[in-house]
Amino acid sequence: MNYFDKVLSAPLKDNPIIMGIETSCDETAVAIIKGGREILADVIISSATEHAKFGGVVPEIASRSHTTAILKATEQALSNASLTLDDIDAFAVTEGAGLLGALLVGVSFAKSLAYSTGKPLIPVSHIRGHIAAAYLADKELKPPFISILASGGHTAIVAVDDYYTFNVFGSTIDDAVGEAFDKVARVLSLPYPGGPNVERLAKDGKNNIVLPKMLKNYSGGEFDFSYSGLKTAVINYVHNQKEKGVEINRADVAASFQHAAVDVIIDKAFKAAERRGYKTITVSGGVGANGYLRETLKARAEKDGVKLVLPEKRYCTDNGAMIGAEGYLQYKKRNFADLSLNAKAVVPLK
């Protein structure tokens with residue numbers, strides 16, 4: 001019996017211990033999750049300081065960093081959980097989306113672990129992983145709910161109708177919100193990573209610069225997003241003021257941009273919840289760690305009587321725990337991969 005036939009025929013466990021491996025960008029993350037919701041270990045080794053020298057993520061540096069960090073992260077996770085590889089029931093790994101070279105490190109490593117132990121290999125969508133982080137924040141959470149997906153690569157309002165069925169209300173037609181934060185950070189001469197630094201600067205500023213409303217005359221879906229025009233408007237404002245010899249208030253620019261970028265996400269999420277009749281909203285993706293977004297969501301949820309599930313900031317950014325949480329759901333469906341599993345730079349938003 002070959003490896004794949006063996007794992008397909010093995011009985012499923014009620015509370016499997018799953019190792020989640022995430023290497024889609026600049027974090028090498030390994031976590032161990034029991035029963036889909038209990039975090040036994042969670043290790044993240046970031047190469048962000050190396051990328052900061054270049055103002056953004058350098059794919060080659062990311063890939064090399066993963067190769068040197070992944071064994072260390074795995075050994076540390078097992079040690080923290082007081083477990084060995086023999087105790088792991090399945091290995092879940094991000095297959096996409098992300099930087100192809102970085103993903104290949106994680107996929108190759110997970111394949112070797114699965115094959116050597118004879119345990120299932122579970123391919124996980126990075127996007128679904130982000131959404132599954134909500135199950136770690138609220139162990140009683142069950143679908144249906146609305147999820148705000150806000151990251152460097154994606155911006156969308158997603159209806160999570162059940163554990164496996166997603167319906168996208170709307171998504172970005174160009175830049176993602178996290179990407180816009182990074183580009184605005186550059187024009188404001190802020191270091192990488194852009195999002196946290198824009199947020200930090202915005203705390204000292206006022207929302208007093210008029211910026212365009214996105215998709216004002218857009219004929220597409222009412223829940224779609226566009227950040228290209230907003231980003232360009234900020235860049236043009238800064239450049240025009242400099243051409244006039246006017247010193248800009250960088251904090252005001254950051255605050256005005258943050259309001260324009262975030263408020264529309266909140267409005268559309270609550271409109272989607274009302275439209276669908278869902279009483280719970282969750283947040284996923286790196287921009288979910290933004291303090292202004294989180295505080296504004298809390299106030300709006302209290303006002304509208306909606307349950308809000310906010311993962312810890314650590315679990316909004318890339319991490320192995322979210323991959324383990326989604327891996328558990330795929331384990332229950334026996335969505336296992338054979339050893340031909342390959343990385344994918346792009347995966348569908350569904």
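When every Cα-Cα distance of the range 96-211 is counted in 5 angstrom steps from zero, the calculated P(r) takes the values 2, 9, 13, 15, 16, 16, 14, 8, 4, 2, 1, 0 percent. As a fraction of the 1.4 Å probe accessible area of the chain, surface on carbon and sulfur atoms comes out at 50 percent. Expressed as a whole number of Å, what is the distance separating the alpha-carbon centroids of the range 52-68 and the range 284-303? Their Cα centres are 30 Å away from one another. Go ahead and run the numbers for FRET between N342 and K72, Cβ-Cβ distance against an R0 of 30 Å, rounding to 0.05. Working from the Cβ atoms, E equals 0.75.
In nm, to one decimal, how far is the modelled label at L8 from the one at Q241, with both set 7 Å along Cα→Cβ? In this crude label model, L8 to Q241 measures out at 6.2 nm.
Applying a DSSP loop filter and a limit of 14 other Cβ atoms within 10 Å to the GluC sites (Glu not before Pro) in the range 269-350 leaves E312. Only Cα pairs under 8 Å and 6+ residues apart enter the sum, and on that basis the relative contact order of the chain stands at 25 percent. Cross-link pairs exceeding 23 Å between alpha carbons, from the set K6/K332; K183/K344; K307/K344: K183/K344; K307/K344.
Peptide packing: for 103-116, 85-98, 122-135, the average count of neighbouring Cβ atoms within 10 Å per residue gives the ranking 122-135, 85-98, 103-116, highest mean first. Spin-label model, F223/K139: points 7 Å from Cα along the beta carbon direction are separated by 3.1 nm.
Compactness of the chain, taken as the C-alpha radius of gyration over 2.2 N^0.38 Å, stands at 1.02. A straight chain from K332 to A299 at 0.36 nm per residue would run longer than the Cα-Cα distance by 8.2 nm.
What are the DSSP H helices in the chain that stretch 24 Å or more along their long axis, judged by alpha-carbon atoms, and whose average Kyte-Doolittle hydropathy comes to at least 0.5? Span-like helices, by this rule, are 100-117.
The values are calculated or read from the model by the stated rules, or taken from the named source; none is laboratory data. Quick caveat: nothing in here was measured; it's all calculated off a predicted structure. Here Cβ is always computed from backbone atoms with ideal geometry, including for glycine, and neighbour counts include all displayed protein chains. Only protein heavy atoms, including side chains, enter the accessible area calculation; ligands, DNA and RNA are left aside. Shrake-Rupley method; radii C 1.70, N 1.55, O 1.52, S 1.80 Å.
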